Amino acid sequence: MSELRWKCRRSLRSVIVLFTIFALAFAFVSAERGLKGNIDSKTRESDEPSFFLRAVDFLWEPDQTGYHHVWPEFEFNWQIVVGTLVGFCGAAFGSVGGVGGGMIVGASVSTVYYNLRLRHPTLDMPIIDYDLALLIQPMLMLGISLGVAFNVMFPDWMVTVLLIILFLGTSTKGFLKGCETWNKETIEKMEAAKRLESNGVSGGTEVEYTPLPAAPSNNPGNNKKQEVSIIENVYWKELGLLVFVWIVFLALQIAKKNMPTCSVGYWVINLLQIPVAVGVSGYEAVALYQGRRIIASNGQGDSNFTIGQLILYCSFGILAGVVGGLLGLGGGFIMGPLFLELGVPPQVSSATATVAMTFSSSMSVVEYYLLKRFPVPYALYLVGVATIAALVGQHVVRRLITVLGRASLIIFILASTIFISAISLGGVGIVNMMGKLQRHEYMGFENLCKYSG
């Protein structure tokens, strides 16, 4: 537990730095008129503006916009074929790792349906940790709303830089965690082989796969149910609270659509999201702190959470939502590695992250649709592709885990998906950025209050 607290303190510093960056950017954009007025007066006094004034002029021009709709008609051609293959592979691997974005919300839904029947690999409980999801998901939804607003305001080049930094760091952390889990599985398989030899079984006999426990098991008889119905396998109270948060956020987004941007009613509707998210996550956090609920999926069987840890995990939920809304993702790129750090088995981490991601990605789709930021025909087509890909990916990878006896495959898939996303999305962003520089297009911040989709 001391090691976990050390990791929490180290992670808290990163969260504070990131939130400070976002806050400074938001304050910078909000200071439009005063700053721009000072620039105009100083520029008139000097024909040669300073480097600072040129930089501010580059980053902020209130009457300029760098975003333009580029939505070609949906036609079946070679670009669609290539996009289908890339989308299929991305959705298949992303759904297994518990990551993805708004455009693969169909993959998230189909993956959740697939996981609703499954049980924890070593404990007598569902593979989805509903208490963990209930702690993170409301704050994730709150962060999504902030992230979508940042996406409208931030220039494309800044989004690209943030994406590359975050994805490279997260994928590296995930790869190291995968290597650690792989080594543990290797030791477990060797010990199992020795036990078979001591019992007189031939050394050439293949060791049957038994999932690696996250912690010493309190159920030595391993009498857990192998398969139950969905009705028995779902924790309906916790799922109901998750759905309640989603419905409230959806209602607020629809209500906000009918109000002028930056009006009093607009900000009131936005602020109403805070008590909803804090109330539900706070209810779960208090229960975890008092020991009335536990994160049972890590196999510890007790709850030793401090107030600081619970605040940190909720902050990670907001951060994941901000990043997910800003970059058009579902937040799984942060939640997956976070759950693994909590000692949750890879299968449970993937399943739980996907549940939370389903709510957040679907909400980001709603918000981007209301902002008219994506073409509906392409989105519907990719949703269909991603739904099929997710079912195929889940089935194939689960079989591979059983055959190879390596649940760490999920972690490596997670890390690889994040790394490939950093290279591909980052590369496309850099190419677009260079094109804008050559065409001398505006590359500064957008004015949220003047945005019209």
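The values are calculated or read from the model by the stated rules, or taken from the named source; none is laboratory data. Being a predicted model, the structure only gives us computed values, none of them experimental. Please note: Cβ atoms are built from the backbone with ideal geometry, for glycine as well, and neighbour counts cover all protein chains shown. To get the accessible areas, we keep the full protein, side chains included, count just its heavy atoms, and leave off ligands, DNA and RNA. Shrake-Rupley method; radii C 1.70, N 1.55, O 1.52, S 1.80 Å.
For this structure, a couple of remarks:
- Exactly one residue out of Val348, Val383 is touching a helix residue (DSSP H, G or I) at 6+ places or on another chain (Cβ under 6 Å), closer than 24 Å to Ile318 by Cα, buried (at least 18 other Cβ atoms within 10 Å of the Cβ) and not polar (S, T, N, Q): that is Val348.
- Residues that are open to solvent by less than 10 Å² (accessible area, probe 1.4 Å) and modelled with pLDDT of 85 or more do not occur anywhere in region 291-305.
- Phe316 being modelled with pLDDT of 80 or more, in a loop (DSSP other than H, G, I, E, B) and not polar (S, T, N, Q): no
- Considering residues of region 323-345 that are assigned to a helix (DSSP H, G or I) and β-branched (Val, Ile, Thr) only, the residue modelled with the lowest pLDDT: Ile334
- Hits in region 227-260 (condition: touching a helix residue (DSSP H, G or I) at 6+ places or on another chain (Cβ under 9 Å), in a loop (DSSP other than H, G, I, E, B) and either among the aliphatic types (A, V, I, L, M) or modelled with pLDDT of 85 or more (or both)): Val234, Tyr235, Met259
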